[in-house]
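Undergrad: Next up is a structure, given as structure tokens.
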Amino acid sequence: MDATVKTVQGVLRGRVVDGVHAFLGVQYAAPPFGANRLRPPQTVEPWSGVRDATAPGPEPPQVAPPATGGPREGAGEDWRDVSGAFAAVERAAPSQECLNLNLWTPDPAATGLPVMVWIQGGMFELSSTSAYDGSRFARDGVVCVVINWRPGAEGFLYLADGIANVGLLDQVAALEWVQENIGAFGGDPANVTVFGESAGAMSIGTLLAMPRAKGLFRRAILQSGAALHVAEADDARRVAGYLADILGVHPTREAIAEVGVERLLAAQVQLKTDLLTDPDPERWGQAVVTTTMPWQPVVDGQVVPGVPIDQIAAGSGGEVDVMVGTNTDDWRLWLLVSGAIAQITDEILTGPVRGHGYQALAAYGLDPSTALAAYRTRYPQASPGDLLANVQTDWWMRVPALRLAEARTRTPATGRTYMYEFAWPAPGLGAVHAVEVPFVFDTARPDAPLFGPMLGAHPPQDLARLMHATWIAFAATGDPGWPRYDHNRRSTMRFDTTSELVDDPRAWERALWEGIRRP
């Protein structure tokens, strides 16, 4: 059955399935091509008649991730080809109308429904809505929106020319569309929650510190990502120069914009390959080497006025309710995907950064010998590869999340702050990066797109129902159901087959990383 809704820009025709109204591939900004390429998003021109919104829209141009080709040594008998699942779902085709969103609502005629806007992850190199089905949020009384935005050089090319972070500005444009139009779908524009994972959560941490995003959302959920990992302007400009060299053009926005999409994507592949094969901090900058992310939010002084965690510590985003958390074994996923987990040795961990790039402890600001001894004491049964996974989990995810929560409790913030940890171990993997996502969407089943291969044959449905309901409760009321994070208890909800509230479960990590700037 079809349904129509009148937006500010024009009438949309969606579809109704099992009582849920879906409006898919809805443009929230003009096509970012031609005169608009590599530039901030522009408004959508109004249309006459009825525009079809019954099929997902095209994705932004992006580099498809490589498949692993099968299990890697050291992954265990239950390993599944997670990287291959990523490639199967995330592969994008360039298209003019890629700044679009998908929306599910229980009833467009309703009023005052809570709104949840999902910002997906993908290392700031991928941006696909394909794996995210918001219909179960709509089933449970929420208007759910999933947005596309420009990743890679299309979204984060920095040339010190007065334009920066257009991928983040895409997210802002989508949130502005929500403010203008969500009432027509039954949603409350005053009760919008942004939620996201990995690069999506890092985006949200940056949105909390962006003047352009102020007032566009009331609540925020950051899953395995926070407000610390951003690029300095000098490093980002250096990366842009290398890209221009590969393309054989001048390092100007106009010259790079004239390059075709396929050629630009090929240059991005070559640049990333150069970074991984020659991770020299003197060439790339230490932050780029450690993150292996040449494209990410840039502290440009305008769109992103400063390092987000510093802005938040000074009060930015203090009016927003925040729930932030990580997965117990977050970064172990990538060592499994690459096959590196079985190849790491103590010599690599304590070796020079130039020789081992992001696999050396010194790359994370740690004293190698002291840190190795500390982690070995903390995890006495862990292999060198698993020790590295714990260090990387702390650096990438756990400590930034803790610092975000700590920063908010030290400011006169009016918004509430909550902490969680996802601890359910997927078979053969552990509680790795992104494995919580299908539980949040209540799509935890083996055949689910992208995430299904991670979950094993019998993912716990009680846990999925609990987490899904918790995310909705927070979006609706600002209270997920456990005490706020404060300096007395540091209360943390640990989600597992038996979930429980624990106090200050990561005191050791906070103490070890104290004083290390990044994180």
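The values are calculated or read from the model by the stated rules, or taken from the named source; none is laboratory data. Treat the numbers as computed from the prediction; the structure is a model and nothing was measured. Reconstructed Cβ throughout: ideal geometry from the backbone, glycine too, with neighbour counts over all protein chains shown.
Undergrad: Has segment 467-475 got at least one residue that is within 30 Å of SER338 (Cα to Cα), buried (at least 22 other Cβ atoms within 10 Å of the Cβ) and of a type outside the set (Phe, Trp, Tyr)?
TA: yes
Undergrad: Need at least 3 residues that are surrounded by fewer than 20 Cβ atoms within 10 Å (Cβ to Cβ) per element, so show me which strands (runs of 3 or more DSSP E) inside segment 1-66 make the cut, counting only ones lying wholly within it.
TA: 2-6, 11-17, 50-52
Undergrad: Show the residue pairs that are 6+ apart or on different chains and have beta-carbon atoms under 8 Å apart, the first residue being within segment 449-474 and under 15 Å from LEU333 (Cα atoms) and assigned by TED's automatic domain parsing to the domain that holds GLY141, the second being in a helix (DSSP H, G or I) and at pLDDT 95 or above.
TA: Every condition considered, the pairs that remain are PHE451/VAL437; PHE451/PRO438; GLY452/PRO438; LEU455/PRO438.
Undergrad: Same structure again: For segment 199-223, what are the residues that are closer than 22 Å to ALA476 by Cα and not in a helix (DSSP H, G or I)?
TA: Result: LEU208, LYS214, GLY215, LEU216, PHE217, ARG218, ARG219, ALA220, ILE221, LEU222, GLN223.
Undergrad: Return the pair list, or none, for Cβ contacts closer than 9 Å from residues in segment 309-332 that are farther than 30 Å from LEU387 by Cβ to residues that are of a type in the set (Lys, Arg) and surrounded by 23 or more Cβ atoms within 10 Å (Cβ to Cβ), at least 6 apart or on different chains.
TA: ILE312/ARG408; ALA313/ARG408; GLY317/ARG408; GLY318/ARG408; VAL320/ARG219; ASP321/ARG219; VAL322/ARG219; VAL322/ARG408
Undergrad: Touching a residue at least 12 places away in the same chain (Cβ under 8 Å) and either assigned by TED's automatic domain parsing to the domain that holds GLY205 or in contact with an Asp or Glu (Cβ under 8 Å, 6 or more places away or on another chain) (or both): is that true of ALA287 in this structure?
TA: Criteria met by ALA287.
Undergrad: For segment 290-315, which residues satisfy the criterion of being among the β-branched types (Val, Ile, Thr) and outside any helix (DSSP H, G or I)?
TA: Hits for segment 290-315 are THR292, VAL298, VAL299, VAL303, VAL304, VAL307.
Residue-wise test of (1) of a type in the set (Gly, Ala, Ser); (2) surrounded by 15 or more Cβ atoms within 10 Å (Cβ to Cβ); (3) not assigned by TED's automatic domain parsing to the domain that holds MET419.
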residue: GLU254; (1), (2), (3): no, no, yes
residue: PRO281; (1), (2), (3): no, yes, yes
residue: ASP300; (1), (2), (3): no, yes, yes
residue: SER316; (1), (2), (3): yes, yes, no
residue: ASP329; (1), (2), (3): no, yes, no
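Undergrad: Report yes if some residue within segment 142-150 is at pLDDT 95 or above, touching a Cys at 6+ places or on another chain (Cβ under 7 Å), crowded, with 24+ Cβ neighbours inside 10 Å and over 17 Å from ALA475 (Cβ atoms); otherwise report no.
TA: Yes: one or more hits.
Undergrad: Right, here's the next one. What's the number of the condition ASN390 fails, among (1) out of contact with any helix residue (DSSP H, G or I) (no Cβ under 7 Å at 6 or more places or on another chain); (2) surrounded by 20 or more Cβ atoms within 10 Å (Cβ to Cβ); (3) polar (S, T, N, Q)?
TA: So the condition that ASN390 fails would be (1).
Undergrad: Among the residues of segment 344-367, is any among the acidic types (Asp, Glu), under 18 Å from ASP329 (Cα atoms), in contact (Cβ under 8 Å) with a residue 24 or more places away in the chain and touching a Leu at 6+ places or on another chain (Cβ under 9 Å)?
TA: Checking segment 344-367: not a single residue is among the acidic types (Asp, Glu), under 18 Å from ASP329 (Cα atoms), in contact (Cβ under 8 Å) with a residue 24 or more places away in the chain and touching a Leu at 6+ places or on another chain (Cβ under 9 Å).
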